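Undergrad: Okay, here's the structure, questions in a sec.
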């Protein structure tokens, strides 16, 4: 196996960059699609260094928590397999050995989905919903320097539940 690792070569650098972008965008879009398919009331969204995040008002069911973790992982593994080990034009030459394929795909899935699995474990063990979930998510987003935008429903929710405007609430964090 050690001789196999020396046979890894980048064939097309631009293709590799495009593949990595496709991989990351595919995983992020899957997360958003799973969120939107639940059809929960949307409080707002945030755009930050970690991508687009949605704030929704929901009580997480076990199925939705598991889907939040499993679907992006499946998409990540599928894109990695198709992009690196299928007969399609691969931007990198990796030896076709089962152990190497498993390690590369498992490493990529862990890279993109570890946070999802940790969040799923916390949601299953200590489920938060309603005001506590919204406040926790806003605190996390503020810590990551994300720009938070509220929907009209979110504005009325903030006013009814907290008696505050978004500016007042965000300054509290």
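Undergrad: In deg cm²/dmol and to the nearest 500, what is the mean residue ellipticity at 222 nm of the chain if only DSSP H runs of at least 4 residues count, each as -39500 (n - 2.57), divided by the residue total?
TA: Taking each H run of at least 4 residues, the total per residue is -21500 deg cm²/dmol.
Undergrad: Considering the zone a paramagnetic label at residue 38 would reach in this model (a point 7 Å from Cα along the Cα-to-Cβ line), which residues of region 133-173 have amide N under 15 Å from it?
TA: Answer for region 133-173: 133-138.
Undergrad: OK, next. May I ask you to compute the full-extension gain from residue 131 to residue 21, defined as 0.36 nm times their residue separation minus their alpha-carbon distance, rounded to one decimal in nm?
TA: 36.1 nm
Undergrad: Can I ask one more? What order, most packed first, do the peptides 20-27, 109-116 have when packing is the mean number of other Cβ atoms within 10 Å of each residue?
TA: Highest mean packing first, the order is 109-116, 20-27.
Undergrad: Okay, next question. Please give the helix 13-37 orientation as an angle from the longest Cα principal axis of the chain, in degrees from 0 to 90, rounded to the nearest 10.
TA: 40 degrees
Undergrad: While we're looking at this one, here's another question. Below 8 Å, C-alpha to C-alpha, sequence gap of six or more: please give me the relative contact order for the chain in percent.
TA: The value is 31 percent.
Undergrad: In degrees from 0 to 90, rounded to the nearest 10, what is the angle of the helix 131-143 Cα long axis to the longest principal axis of the chain?
TA: For 131-143 against the chain, the angle is about 60 degrees.
Undergrad: How high is the FRET efficiency from residue 82 to residue 50, r the C-beta distance, R0 30 Å, rounded to 0.05?
TA: 0.75
Undergrad: Treat each spin label as a single point 7 Å out from the Cα along the C-beta direction, and report the residue 122 to residue 58 distance in nm.
TA: For the pair residue 122/residue 58, the computed spacing is 1.7 nm.
Read-outs throughout are calculated quantities, based only on the coordinates presented, and are distinct from any laboratory measurement. Keep in mind that what you see is a predicted model, and the values were worked out from it rather than measured. Every residue, glycine among them, receives a Cβ derived from its backbone with ideal geometry; neighbour counts consider all protein chains shown.
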